[in-house]
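The values are calculated or read from the model by the stated rules, or taken from the named source; none is laboratory data. Note that the coordinates shown come from a computational prediction; the quantities given were computed from them, not determined experimentally. Heads up, the Cβs are rebuilt from the backbone with ideal geometry, glycines too, and the neighbour counts pull from every protein chain shown. Surface accessibility is based on the protein's heavy atoms, side chains included, excluding ligands, DNA and RNA. Shrake-Rupley method; radii C 1.70, N 1.55, O 1.52, S 1.80 Å.
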Amino acid sequence: MVKVEVTVFEGTKEIWNGISKTPLEIGRQQDGDRGQLDLQDLGSVQRLVVAPVSARSIPRQAIRVDTSASGYLQVTNIHERMSFFVGSQGTPLAPGGVYTAPDEIVIQLPDNRMLRVNTVEPESGGAPSSAGEIHFRTLSGPLESTTESTAPARLNELFGGKSHDDHGRVAVDLVRAALTVVQKAAGSNEFFDSAVQAVATMVELDRALVLLREGDSWVVRSSYLSVADSSVGTNTDSKQVRIATFSRGLTDRVLRTGKTVIYDPANYMHSADSSMMILDRAVAAPIFDEKRNVIGAIYGDRRFGSGAGDAPIGDLEAALIEVMAGAVSSGIARQRQEAIRSSLTQFFSHAIAERLEKNDDLLAGRDAEVTVLFCDIRGFSTVSERVGPKKTIEWINDVLTELSQCVTKTDGVLVDYIGDELMAMWGAPAACQSQATLACLAAIDAMARLPELNSRWRSRLGSDFEFGIGINSGTARVGNAGSPRKFKYGPIGNTVNLASRIQSATKQVGVRFMVSGATAAKLDPKLQTRRLCRVRVMNIEEPTELYEVADGQF
């Protein structure tokens, strides 16, 4: 029994996907059905409900999907009066009419519904292809693996015994286009459009698509239709159907093998009513991620009867498409790296960001020895009430920018902005022996910038403002303390709580900047400290020694 994969679209939105045995009947909800998008096993036949009972324009029994004696997909219109449209060109299917295709059929129903039906290939085994059956082949090994003695013969084989000049120009042009694609990758999606246009025009395809994997589905990321493909006319719906349809058998083979696959109809005899009159040649090359997982494909095809439709897609053309797929892979990887780098540099210094790009395992949750700093902007509430929200935002942005520079300048991590307070960390994600000293140098730098900040804002705020800084060192759990939607790398635990309490205690003790005894013990001897007191801060049981650090560089 042959199984099929059915995908249901409402407009261009996929609303259902599943596997069914055949025969399969398709229609709107009727008495006894549980609801729409419900696949039922009725014993001798399967039934798929694709629309609610209110969708009167879709019959209760509309389409029957089965397989022909030769193993092809077969769609029959089982309604008595209504016609439907099938195939990538929207061929009318009258009542009682039958339409066949090797591996995929698109069915257009009323009420803005569209179905895509694909044969599901067995995981392994199966008889080899014979005359009259669909035939795929994978591209031979890369040219660079060919030995020096066999290279001329291999090239001659790829060129098909024809002049090397014409093929060579195409190859050079496509490689140049591939380089252009990579260059356009930075911060733009234009490289997708460049890739499909270059492939379609230089390899003489009627259509080229960039397909990307989203979950278990193939999604058209970019498309190019040849000007010569006049079959779609100016009808927008026809163009969308033409773009949305492609050989799932071919692309799924690419996904399984990770190789470039060519549809070769050498053994196929066309007939007047064959769907191969529409799709005559096709090829797909894999797009990989950095770990060589298939994340997409460049797909192209020719229709039978078009300008180049009866010419085979040879290994050379397939190899050139593979080059472009490699360029797209590089472009996607480059986009991803730039996005990661942009995200990382919001929190980490450039030096640490580079280390994280090379080893993202450093971001995994773990226990680490860290030094945590809290810096509070004193007088925030009074100033904001006096000057209003607009000027307050400008002021706080300027101050936090200066404080952030003090942190990243010393390879610290910007953990969070909490209203008028900044939180930073040293010692993770990369271990650092001088973490306590670097945190104190950042605090000293912040204090040194305060006079200039006050000078800049005094006339607009009506008064000066101060900083309060507390630092503590110890063991904390570090990792992504945010969520999959919002990244927040930082520490949690008692070490963090104590640093925050020390910052608050600067108000009572009457100094700008204090560190714990644990931090003072780790400082470079060149930094001068003064013991202030021994206190028990709120919600922390153990008493804490507090030290003041001199406001001076060494």
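Report the Cα centroid-to-centroid distance between segment 502-534 and segment 18-88 in angstrom, as an integer.
Here the two parts' Cα centres lie 76 Å apart.
Going 7 Å from the Cα of ARG256 toward and past its Cβ, which residues in segment 43-82 have a backbone nitrogen under 20 Å from where you end up?
67-68, 70-74
In the structure shown, do any of LYS3/LYS291; LYS488/LYS526; LYS21/LYS291; LYS488/LYS522 have a Cα-Cα gap over 29 Å, and if so which? Walk me through the numbers before you get to the answer.
Details: LYS3/LYS291 32 Å; LYS488/LYS526 34 Å; LYS21/LYS291 35 Å; LYS488/LYS522 27 Å.
Checking Cα-Cα distances, LYS3/LYS291; LYS488/LYS526; LYS21/LYS291 exceed 29 Å.
Could you compute the FRET efficiency for GLU10 and VAL98, with r as their C-beta to C-beta distance and R0 at 30 Å, rounded to 0.05? Don't skip to the answer; put the middle values down first.
Working: r = 26 Å, r/R0 = 0.88.
After rounding to 0.05, the efficiency reads 0.70.
Determine ³J(HN,Hα), in whole Hz, for all residues of segment 95-102 in sequence, where each value follows from phi through the Karplus function 6.51 cos²θ - 1.76 cosθ + 1.60 and θ = phi - 60°; x replaces Gly and Pro.
Coupling constants for segment 95-102: x, x, x, 10, 10, 10, 7, x Hz.
Modelled label-to-label distance, GLU338 and LYS409, 7 Å Cα→beta-carbon offset: nm?
Between GLU338 and LYS409, the simple spin-label model gives 3.0 nm.
So between ALA448 and GLN30, what do we pick up on full extension, going 0.36 nm a residue minus the alpha carbon distance? Don't skip to the end; give the middle numbers.
Numbers: separation 418, 0.36 × 418 = 150.48 nm, distance 7.78 nm.
Taking ALA448 through GLN30 to full extension adds about 142.7 nm, to one decimal.
May I ask you to list the GluC sites (Glu not before Pro) in segment 497-551 that are in a DSSP loop and have at most 10 other Cβ atoms within 10 Å of their Cβ?
Numbers: sites: GLU541, GLU545, GLU548; in loops: GLU541.
When the GluC sites (Glu not before Pro) of segment 497-551 are filtered for loop state and at most 10 Cβ neighbours within 10 Å, GLU541 remain.
I'd like the accessible area for THR392, computed on protein heavy atoms only with a 1.4 Å probe and all protein chains in place. Round to 10 Å², please.
Surface accessible to solvent at THR392 totals approximately 10 Å².
Residue by residue through segment 32-42, which ³J(HN,Hα) values in whole Hz follow from phi under the Karplus form 6.51 cos²θ - 1.76 cosθ + 1.60 (θ = phi - 60°), with glycine and proline marked x?
So the J values, rounded to whole Hz, are x, 6, 6, x, 6, 6, 10, 9, 10, 9, 9.
Taking R0 as 30 Å, what FRET efficiency do you get between ARG458 and ASP367 from their Cβ-Cβ distance, rounded to the nearest 0.05?
With R0 = 30 Å, the Cβ-Cβ based efficiency is 0.10.
Amide H to amide H under 5 Å from VAL53: which residues, 5+ apart in sequence or cross-chain, H placed 1.01 Å off N in plane?
Distant-sequence amide H within range of VAL53: GLN29.
Can you give me the % of accessible surface on segment 418-554 that is carbon or sulfur? Probe 1.4 Å, all protein chains present, nothing else counted. Show your work: numbers first, answer last.
Numbers: 3200 of 6710 Å².
Reported share for carbon and sulfur atoms: 48 percent.
Can you give the FRET efficiency for ARG386 and GLN197, using 1/(1 + (r/R0)^6), R0 = 51 Å, r = Cβ-Cβ distance, to the nearest 0.05?
Values: r = 59 Å, r/R0 = 1.15.
E between ARG386 and GLN197, to the nearest 0.05, is 0.30.
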